[in-house]
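The values are calculated or read from the model by the stated rules, or taken from the named source; none is laboratory data. Note that the coordinates shown come from a computational prediction; the quantities given were computed from them, not determined experimentally. Cβ sites come from the backbone with ideal geometry, for glycine too, and all protein chains shown count toward neighbours. Only protein heavy atoms, including side chains, enter the accessible area calculation; ligands, DNA and RNA are left aside. Shrake-Rupley method; radii C 1.70, N 1.55, O 1.52, S 1.80 Å.
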Amino acid sequence: MDLAKNDMRLFSGIAASPGIAVGNLRTIDRRCARVDEYIVGQEGVAAEIERLKGAIAKTRVELETLKDHLISSTGDEHLFFIDTHLMILADERLFTETAAFIESGLINAEGALRQTIHRYREFFAGIEDVYLRERISDVETVIEKILCNMTGKAQAPISHDGTQTIIATHDVSPADILQMDRSRIIGIITEIGGTTTHTSILARAFELPAVAGVEGITDLLLDGSPVILDGLSGKVVVNPDRETFLDYLQRKRHYEYVESELLKAAVLPSETLDGHHVLLKGNVEVAEEGESVLRHGGEGVGLYRTEMLFMNRVAMPEEEEQYQVYSAMQQAIRPHPLTIRTLDAGGDKLLEGVVRVGEQNPAMGMRAIRLALSMPDEFKKQLRAILRVSAAGRVAVMFPMISGLEELRRARALLEEAKQELVQAEIAFDRNIRVGIMIEIPSAVVIADLLAREADFFSVGTNDLIQYSLAIDRSNEHLADMYQPLHPAVLRSLRRVVDAAHEAGIEASICGEMAGDPLFLPILLGLGFDELSMVASSIPRVKRLLRRCTIERAREITAACFGFSEASEVDLYLKSAITGSFEVSFD
Ligand code: PEP
Ligand code: MG
């Protein structure tokens, strides 16, 4: 089809960072990837290997220089990704595998690097965990930089032409996002990536709308065209016609109006009409998100997922590095409390070289607390780092995927050892640090009364609890309809957990996605949860509904929900009850 330059084009991708941006498209091809592969013969091999070495060394110097620059301009809390890239560069296999391709194929270094990236792509594509799969983007960024150094083509910084610019590019590195003029560059479209890449996380932290996974957009010669980027639905419209343009303008205004109204109300107390207070907190992965939690009206962090720090590396981070990273988070959120969850990761791909590889069923494999308990010295490094941060403010530690008392006791014993080591080293920490557990395995629900005697608080991980209770893989899009938060088994589990917690005099919170969806609020409130922790941008919507509820009405609604025996019935009833009682609709 031969489309005229000005025809409207619609693209669909992945909604990577919310918001609607309207501007001019600027296509940037930062790939030096379009390099030829050719035979150099046996006599050329040594020279190609030298070129490869030289380009890797040059890339390392560049990254270190960039790191120094960013430390002085933006502070060091953004630097986790450069460390990730340096780590990839330091991995011997990058060099040895590429050199092996040069030697076996008698080809140039650029061609060999292409083959290396293919191999990495294949490896990452086979990884089930979405987060880990998307780490390929970091590897690609590093290899691009090496290629650029080899071909002598410099990667120019991403710029704008003075107008409100939306960038379309194959991929964009987190460093690009930090360096770009974000007053002019108002949206990002990438051909690859997904919601959990470092780039998307930073885009969300900076509230820069983004759509990822729009294949082929940079090949279409659309430079300079007007474009609408909808980071809420993952749609991109190039050359919108008048009607579409006006429609999106309207949506943009509406979105921004609702967001600003919600934000204004975000500072109001999170309590019901009859004065019942429920703590609303944020879930975070990097320190950048701390400020956003506070701005959205969060009263602390209820779930700090520490996995990010452990990704893409051949060795575990040392205690000092962990301490620095957790401290940055604590500083971002203080004086509010911070709950740090210990490493919740699974096996081989993540910690390659450190733990056993190749599990058939990673969701039920060597993961989370099991993994931590299997390497006590590494686990204690993390515990000491967390304890050290506790000296500076209200910090709690939380263990993921506890299935029974043995695990909790062993984890607590290691925590005690970590405390003793700090005492001996005369390092300060909070001796009364609170120790919580995540309830996300059905066995933990069943013995919640026993666990409640030995934990200081519960936090329900509904994402996993639903998956394990209903035997529905949470990341399988084909089963999405069967993933039912309102399944009677899930509701009864929640009730059991909160009751067991309160009988033992400890608090119960929820930090799974259920906490951030206003639809579930009356039930969570009616059941008596003390705290809800969610992605920062959900806090204002949940707070708005909370402030329209009374605890009495929430309890009535909850009681009615327990009268149904199918999730779909509960869903129907809940929507109409909320709409009827609190003027919030779910269309
Ligand atoms: C959960 O399972 O609900 C949870 C919060 O943990 P994660 O999503 O990190 O597994
Ligand atoms: Mg979980």
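Mind listing whichever residues of region 448-471 are acidic (Asp, Glu) and not in a loop (DSSP other than H, G, I, E, B)? Steps first, please.
Of the residues in region 448-471, the ones acidic (Asp, Glu) are 449, 454, 456, 464.
If the condition is that a residue be acidic (Asp, Glu) and not in a loop (DSSP other than H, G, I, E, B), then ASP449, ASP464 are the ones that fit.
Is there a residue being free of Cβ contacts under 8 Å to residues at least 12 places away in the same chain and within 12 Å of ligand 1 (Cβ to nearest atom) anywhere in region 455-476? Within region 455-476, one or more residues are free of Cβ contacts under 8 Å to residues at least 12 places away in the same chain and within 12 Å of ligand 1 (Cβ to nearest atom).
The residue that is farthest from the chain's Cα centre (by Cα), counting only those in region 1-36 that are at pLDDT 90 or above and of a type in the set (Val, Ile, Thr), is VAL22.
Among the candidates ALA560, ALA501, ALA508, single out the residue that is hydrophobic (A, V, I, L, M, F, W, C), in a strand (DSSP E or B), open to solvent by less than 60 Å² (accessible area, probe 1.4 Å) and in the same structural domain as LEU451 (by TED's automatic domain parsing). Explain how you work it out, then say what you get.
Details: ALA560 fails: in a strand (DSSP E or B); ALA501 fails: in a strand (DSSP E or B).
It is ALA508.
Does region 376-389 contain any residue that is part of a loop (DSSP other than H, G, I, E, B) and free of Cβ contacts under 8 Å to residues at least 60 places away in the same chain? Give the steps one after another, and end with the answer.
Taking region 376-389 and keeping what is part of a loop (DSSP other than H, G, I, E, B), we get none.
Looking through region 376-389, none of the residues is part of a loop (DSSP other than H, G, I, E, B) and free of Cβ contacts under 8 Å to residues at least 60 places away in the same chain.
If you filter region 280-325 down to residues that are away from ligand 1 (no atom under 16 Å from the Cβ) and among the hydrophobic types (A, V, I, L, M, F, W, C), you find that the one that is nearest to ALA203 (Cα to Cα) is ALA287. For region 393-404, the set of residues classified as open to solvent by less than 30 Å² (accessible area, probe 1.4 Å) and either away from ligand 1 (no atom under 16 Å from the Cβ) or β-branched (Val, Ile, Thr) (or both) consists of GLY393, VAL395, VAL397, ILE402, GLY404, listed by residue number.
Any residue that is assigned to a strand (DSSP E or B), away from ligand 2 (no atom under 16 Å from the Cβ) and open to solvent by less than 50 Å² (accessible area, probe 1.4 Å) - is there at least one of those in region 264-271? Can you show your working first?
Taking region 264-271 and keeping what is assigned to a strand (DSSP E or B), we get 271.
Keeping just the survivors that are away from ligand 2 (no atom under 16 Å from the Cβ) gives 271.
Narrowing further to those that are open to solvent by less than 50 Å² (accessible area, probe 1.4 Å): none.
No, region 264-271 has no match at all.
Suppose we filter LEU202, LEU208 for residues that are of a type outside the set (S, T, N, Q), within 24 Å of THR141 (Cα to Cα), part of a helix (DSSP H, G or I) and open to solvent by less than 20 Å² (accessible area, probe 1.4 Å); which single one remains? The match here is LEU202. For region 211-233, the set of residues classified as open to solvent by 10 Å² or more (accessible area, probe 1.4 Å) and of a type in the set (S, T, N, Q) consists of THR218, SER233, listed by residue number.
Looking only at region 37-59, decide whether some residue is in a helix (DSSP H, G or I), at pLDDT below 80 and out of contact with any Asp or Glu (no Cβ under 9 Å at 6 or more places or on another chain). No, region 37-59 contains no residue that is in a helix (DSSP H, G or I), at pLDDT below 80 and out of contact with any Asp or Glu (no Cβ under 9 Å at 6 or more places or on another chain).
One residue stands out among those in region 416-447 that are within 16 Å of ligand 1 (Cβ to nearest atom) and surrounded by 18 or more Cβ atoms within 10 Å (Cβ to Cβ): the one that is farthest from LEU343 (Cα to Cα), which is VAL445.
Residue check: is VAL445 among the aliphatic types (A, V, I, L, M) and within 16 Å of ligand 2 (Cβ to nearest atom)? Here the answer is yes, as VAL445 does meet what is asked. In the set (1) outside the structural domain of ILE166 (by TED's automatic domain parsing); (2) surrounded by 14 or more Cβ atoms within 10 Å (Cβ to Cβ); (3) not polar (S, T, N, Q), the condition left unmet by TYR257 is number (2).
Can you say whether VAL460 is in the same structural domain as VAL435 (by TED's automatic domain parsing), over 24 Å from the mean Cα position of the chain (by Cα) and within 16 Å of ligand 2 (Cβ to nearest atom), as far as the supplied structure shows? Spell out the reasoning first.
Working: in the same structural domain as VAL435 (by TED's automatic domain parsing): yes; over 24 Å from the mean Cα position of the chain (by Cα): no; within 16 Å of ligand 2 (Cβ to nearest atom): yes.
For VAL460, the condition - in the same structural domain as VAL435 (by TED's automatic domain parsing), over 24 Å from the mean Cα position of the chain (by Cα) and within 16 Å of ligand 2 (Cβ to nearest atom) - is not met.
Filtered by the rule that a residue be away from ligand 2 (no atom under 16 Å from the Cβ) and open to solvent by less than 10 Å² (accessible area, probe 1.4 Å), region 511-526 gives LEU521, PRO522, ILE523, LEU524, LEU525. Scanning region 527-551 for residues that are of a type outside the set (Lys, Arg), part of a helix (DSSP H, G or I) and either more than 14 Å from ligand 1 (Cβ to nearest atom) or buried (at least 24 other Cβ atoms within 10 Å of the Cβ) (or both) gives LEU527, ALA536, SER537, ILE539, PRO540, VAL542, LEU545, LEU546, ILE551. Within region 272-300, the set of residues being aliphatic (A, V, I, L, M) and surrounded by 15 or more Cβ atoms within 10 Å (Cβ to Cβ) comprises VAL278, LEU279, LEU280, VAL284, VAL286, ALA287, VAL293, LEU294.
Annotation note: of ARG431, ARG474, ARG370, the sole residue that is assigned to a loop (DSSP other than H, G, I, E, B) and within 27 Å of ARG492 (Cβ to Cβ) is ARG474. Tallying residues that are under 26 Å from GLN324 (Cα atoms) and either in contact with a Leu (Cβ under 6 Å, 6 or more places away or on another chain) or in a helix (DSSP H, G or I) (or both) within region 392-409 yields 1.
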